[in-house]
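Okay, so here's the structure we're looking at.
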Amino acid sequence: MDIQKVGVIGAGQMGNGIAHVLALAGYDILLNDISQDALDKGKTLIAKNLERQVSRDKISAADMDAALDRISTTLKLPDLGATDLVIEAATERETVKTAIFEDLQPHLQSHTILTSNTSSISITRLASRTDRPEKFMGFHFMNPVPVMQLVELIRGIATDEETFKSCLAVVEKLGKTAATAEDFPAFIVNRILMPMINEAIYTLYEGVGSVRSIDTSMKLGANHPMGPLELADFIGLDTCLAIMNVLHDGLADTKYRPCPLLTKYVEAGWLGRKTDRGFYDYRGDEPVPTR
């Protein structure tokens with residue numbers, strides 16, 4: 001299917017990045033959120049990130065202007081019914097995602113493909129709550145979307161070949177690389193990454209090392225660009241906890257048990273960069289470890 005117009009649900013960290021790369025690739029974008037403030041902030045951030053690309057000679061000023069012209073916004077979810085592809089990038093909670101698809105469903109065209117940017121939730125289960133499980137896929141971008149080259153494509157048990165090929169064509173048009181994952185908890189990237197982050201938190205929890213020493217060890221000892229605790233703050237500790245709970249519940253293996261310290265930080269509302277405190281305190285000029 002020739003996809004031309006794409007609806008993106010959620011103008012936050014992931015949604016605005018997805019809208020950015022799709023518009024730059026020539027797709028017409030309809031960006032939706034429940035808050036006008038979120039839409040305004042999302043559009044402003046897209047413009048800022050495009051300007052950064054222009055300043056680094058990654059794109060031309062004309063490319064930036066054309067991309068911004070392709071992005072429209074709406075507070076009305078039914079407006080997305082006129083699109084060829086919908087990418088849901090709302091909060092990583094299954095109840096929220098299911099409610100969105102149920103509200104959107106009556107307004108969709110028969111050919112519209114539904115996808116979710118979920119990092120861990122069952123695609124088969126999400127698809128089963130819609131009227132088109134064969135036209136439903138996981139479309140998992142990495143953060144930050146304009147920079148990261150990988151997109152995980154996850155088929156549900158009912159996803160048909162035409163839907164897969166249509167989504168793969170979008171990834172290729174974006175100039176990114178697709179990795180095909182089976183629909184098991186957390187797919188590929190987070191199945192491997194999150195237990196590593198969780199183990200780093202256990203290492204802190206058990207007093208084996210401090211925040212600084214753990215991150216320095218992994219950056220200099222394993223050549224990771226970011227330490228695991230710094231990365232957890234960047235992702236969001238609430239998201240890390242949600243993914244670990246999906247792994248623990250879905251695979252019933254104690255090796256996926258979320259570290260109690262991760263749970264405690266989330267309970268405190270210390271979610272990382274987005275709240276200015278997590279394993280580091282970001283309220284000053286330089287990040288300072290909180291333990």
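The values are calculated or read from the model by the stated rules, or taken from the named source; none is laboratory data. Note that this is a predicted model, so its numbers are computed, not measured. Note that we place each Cβ from the backbone using ideal geometry, even for glycine, and neighbour counts take in every protein chain shown.
Which condition from (1) under 15 Å from Gly138 (Cα atoms); (2) more than 15 Å from the chain's Cα centre (by Cα); (3) outside any helix (DSSP H, G or I) is the one that Thr98 breaks?
That leaves (3) as the condition not met.
Filter the stretch 1-52 down to the residues that are part of a helix (DSSP H, G or I) and of a type in the set (Asp, Glu), then identify the one that is nearest to Ala66 (Cα to Cα).
Glu51
On the basis of being in contact (Cβ under 8 Å) with a residue 24 or more places away in the chain and touching a Ser or Thr at 6+ places or on another chain (Cβ under 8 Å), does Leu104 make the cut?
Considered against the rule, which asks whether it is in contact (Cβ under 8 Å) with a residue 24 or more places away in the chain and touching a Ser or Thr at 6+ places or on another chain (Cβ under 8 Å), Leu104 comes out as no.
Take the residues of the stretch 219-241 that are buried (at least 21 other Cβ atoms within 10 Å of the Cβ) and among the hydrophobic types (A, V, I, L, M, F, W, C): which is farthest from the chain's Cα centre (by Cα)?
Leu229
Asn143 versus (1) touching a helix residue (DSSP H, G or I) at 6+ places or on another chain (Cβ under 7 Å); (2) modelled with pLDDT of 95 or more; (3) not in a strand (DSSP E or B): which is the lone unmet condition?
Condition (2) is where Asn143 drops out.
Which ones in the stretch 94-134 are of a type in the set (S, T, N, Q), touching a strand residue (DSSP E or B) at 6+ places or on another chain (Cβ under 7 Å) and either surrounded by fewer than 22 Cβ atoms within 10 Å (Cβ to Cβ) or not assigned by TED's automatic domain parsing to the domain that holds Val145 (or both)?
Result: Thr130, single match.
For the subset of the stretch 266-291 comprising residues that are part of a helix (DSSP H, G or I) and closer than 22 Å to Ser119 by Cβ, which member is modelled with the lowest pLDDT? Give the derivation first.
Let us first name the residues in the stretch 266-291 that are part of a helix (DSSP H, G or I), namely 266-268, 273-275.
Narrowing further to those that are closer than 22 Å to Ser119 by Cβ: 266-267, 273-275.
Details: Val266: 98, Glu267: 98, Arg273: 96, Lys274: 93, Thr275: 96.
For the stretch 266-291, the residue satisfying everything is Lys274.
Taking the conditions exactly as written (over 20 Å from Met14 (Cβ atoms) and modelled with pLDDT of 95 or more), does Ser60 satisfy them or not?
In short, yes.
Anything in the stretch 40-61 that is among the polar types (S, T, N, Q), over 20 Å from Asn143 (Cα atoms) and surrounded by 11 or more Cβ atoms within 10 Å (Cβ to Cβ)? List them, or say none.
Within the stretch 40-61, Ser60 is the sole residue that qualifies.
Condition test on Ile201, is it closer than 20 Å to Pro289 by Cα and surrounded by 14 or more Cβ atoms within 10 Å (Cβ to Cβ)?
Taking the combined requirement at face value, the residue satisfies it.
Within the stretch 259-269, work out how many residues are within 12 Å of Cys240 (Cβ to Cβ) and surrounded by fewer than 21 Cβ atoms within 10 Å (Cβ to Cβ).
So the count comes out to 3.
Can you pull out the helices (runs of 4 or more DSSP H) entirely within the stretch 150-265 that have at least 3 residues that are more than 30 Å from Leu114 (Cα to Cα) and without any contact (Cβ under 8 Å) to a residue 40 or more places away in the chain?
Numbers: elements: 161-173, 189-205, 211-221, 228-235, 237-251.
By residue number, 189-205, 211-221.
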